[in-house]
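The values are calculated or read from the model by the stated rules, or taken from the named source; none is laboratory data. Small disclaimer: the values here were computed from a predicted structure and weren't measured. Reconstructed Cβ throughout: ideal geometry from the backbone, glycine too, with neighbour counts over all protein chains shown. Accessible surface is based on the protein model in full, side chains and every heavy atom, while ligands, DNA and RNA are left aside. Shrake-Rupley method; radii C 1.70, N 1.55, O 1.52, S 1.80 Å.
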Amino acid sequence: MQYQIFKLKNFQIGIILLPVWFLIYHNLLPFTNWLVFDIFGMTKGEYLAEALWFFIFEFPKVMLLLTLIIFFVGIIRSFFTPERTRKALEGKKTFTGNVMAAMLGIVTPFCSCSAIPLFLGFVEAGVPLGVTFSFLIAAPMINEVAIILLYGLFGWKVALIYVVTGLSIAIIAGWIIGLLKLEKWVEPWVYETKVGHNGMDDGKIAFETRINMGFDAVKEIVGKVWIYVALGIAVGAGAHGYVPEDFMAALMGKSAWYSVPLSILIGIPLYSNAAGIVPIVSVLIEKGASLGTALAFMMSVIGLSLPEMVILRKVLKLPLIFTFIGVVGVGIMIVGFLFNFIF
Amino acid sequence: MEIKILGTGCANCKTLEKAVNIAVAELKIAAKVEKVEDIQQIMGYGIMRTPGLVINEKVVLSGKLASVSELKEIIAKHQ
């Protein structure tokens with residue numbers, strides 16, 4: 001049984017990997033310089049060299065950030081379940097409820113494929129419609145992958161702006177939907193559905209299990225998004241050297257006021273996860289798109305997605321879906337104009 | 001024993017169904033595996049995340065996948 005000694009527990013593996021992570025992360029820049037300029041012998045300033053440099057540096061950097069942060073997000077999320085979030089939101093006054101719902105939307109594990117059972121579960125527990133919407137708006141729009149990529153490619157300021165404005169939209173849009181009293185546009189069968197109680201989720205999870213949930217999250221999310229990150233950054237790298245600097249200025253620049261609503265309209269049917277869209281948006285900005293317009297485009301792509309609307313159509317009548325798109329769309333538009341005005 | 005997979009047809013639900021079938025075959029037990037796609041029936045089990053796994057009318061998993069070996073353990077435990 002000697003090999004038992006070497007059989008490490010998952011959290012021990014984690015502790016060993018952490019310094020390795022820092023070592024790689026902090027040597028990525030000199031390594032990329034060495035590889036591209038010394039080994040490949042390319043000249044600084046050349047288009048191909050710049051493109052190659054961009055990919056070799058940015059892709060591992062973003063993947064390292066994703067792996068580390070998703071791991072911790074996985075652990076944090078083990079403390080939040082939709083069942084607990086629902087309990088927290090039961091009987092909350094509208095505005096307070098909207099604020100809480102939007103914030104819980106960030107940390108509660110959510111997949112748009114579970115939007116229906118979640119909606120039914122909330123409504124049945126007496127969570128107000130507007131509060132439920134604050135959750136449904138925040139959950140997909142402000143997701144961890146988007147925040148990490150924004151941080152990695154733009155820095156913490158833009159990441160923070162995204163979170164704060166996204167939260168504001170979710171809170172205010174949900175609050176307005178609540179004020180409009182649109183319960184009549186919820187499919188009647190929703191209120192007739194009996195939700196059972198299964199007594200699951202007693203909340204006692206061993207710490208070891210939470211660590212494992214962190215590893216599972218990395219496997220699941222990073223395993224799914226790495227290809228989009230690679231594609232997005234490859235497109236970015238290609239455009240980096242070859243597309244002229246002011247290419248997008250006329251179309252998505254500050255001077256073109258119509259670019260904000262237009263970007264939102266284009267963004268709705270475009271369905272991409274955050275992993276693919278953020279690197280593209282970073283190229284748009286580099287090539288002359290203004291921050292507000294690019295931000296609006298990204299929020300529309302991630303937050304207003306056609307597939308999710310199709311799923312929600314099962315529980316919501318069309319006028320409510322359009323109200324939802326309208327209110328959130330206007331919110332995103334205000335954010336877009338605001339940032340074009342400030343920066 | 002009766003095993004039900006609750007899910008409205010998302011990718012994860014299909015993955016879970018496949019894994020359950022493999023687990024049942026490997027355990028060589030007599031089990032009726034059924035897929036429940038009707039949302040109202042699913043809600044009757046009180047889950048808020050799909051896919052869900054129900055063994056003998058008891059919810060044992062919700063909102064996550066499990067590997068074949070994990071499923072074998074779960075199924076054996078609830079036999």
Checklist entry - Roughly what % of DSSP beta bridges within the protein assembly as shown run antiparallel, to the nearest 5? => result 65
Checklist outcome for this item: Exposed-loop cut sites defined as GluC sites (Glu not before Pro) in DSSP loop states with at most 16 other Cβ within 10 angstrom; longest site-free run of chain B spans B:1-36
Next on the checklist: Loop only by DSSP, 14 or fewer other Cβ within 10 Å of the Cβ. Give me the trypsin sites (Lys or Arg not before Pro) in region A:183-246 that pass, ordered by residue number.
Outcome noted: A:194, A:204
Checklist entry - Where does each of A:308, A:90, A:220, A:187 land when they are ordered by accessible area, with a 1.4 Å probe and the largest first? => result A:220, A:90, A:187, A:308
Checklist entry - Taking the Cα centre of chain A as the origin, how large is its charge dipole in debye, to the nearest 20, when only Lys and Arg (+1) and Asp and Glu (-1) carry charge on their Cβ atoms? => result 740
Checklist entry - Could you give the semi-axes, largest first, of the ellipsoid that matches region A:262-331, computed as the square roots of 5 times the alpha carbon gyration tensor eigenvalues and rounded to whole Å? => result 25, 13, 7
Checklist entry - Computed over the Cα atoms of region A:126-244, what is the convex hull's projected area averaged over all directions, in nm²? => result 12.2
Item to check | Peptide-level mean, for B:37-46, of C-beta atoms on other protein chains within 10 Å | outcome: 6
Checklist outcome for this item: trypsin sites (Lys or Arg not before Pro) in chain B lying in a DSSP loop, each with at most 14 other Cβ atoms within 10 Å of its Cβ, come to B:28
Checklist entry - Using a simple spin-label model with points 7 Å from Cα along the Cα→Cβ vector, what separation in nm is obtained for residue B:56 and residue A:224? => result 3.3
Checklist entry - Quick one: if the Förster radius is 35 Å, what FRET efficiency do residue B:40 and residue A:266 give, using the C-beta to C-beta distance and rounding to 0.05? => result 0.40
Next on the checklist: Sequence gap at least 6, Cα distance under 8 Å: using those rules, report the relative contact order of chain A to the nearest whole percent.
Outcome noted: 21
Checklist entry - With each label point set 7 Å from Cα along the Cα-Cβ vector, what nm distance links residue B:33 and residue B:11? => result 2.1
Next on the checklist: Pairs of alpha-carbon atoms within less than 8 angstrom and 6+ residues apart define the contacts here; what relative contact order does region B:2-77 have, in percent?
Outcome noted: 40
Checklist outcome for this item: Note: probe point = Cα of residue A:183 + 7 Å toward Cβ; backbone nitrogen < 14 Å; residues of region A:104-125 passing the test are A:123-125
Checklist entry - Can you pull the accessible area of residue A:96 for me, 1.4 Å probe, Å² to the nearest 10? => result 80
Checklist entry - Can you give the convex hull volume per residue for the Cα atoms of chain A, as a whole number of Å³? => result 151
Checklist outcome for this item: One checks the Cα atoms of chain B and finds Rg and Dmax, in Å, of 11.2, 32
Checklist entry - Based on the Cα gyration tensor of region A:34-173, what are the three equivalent ellipsoid semi-axes, each the root of five times an eigenvalue, rounded to whole Å and given largest first? => result 41, 15, 11
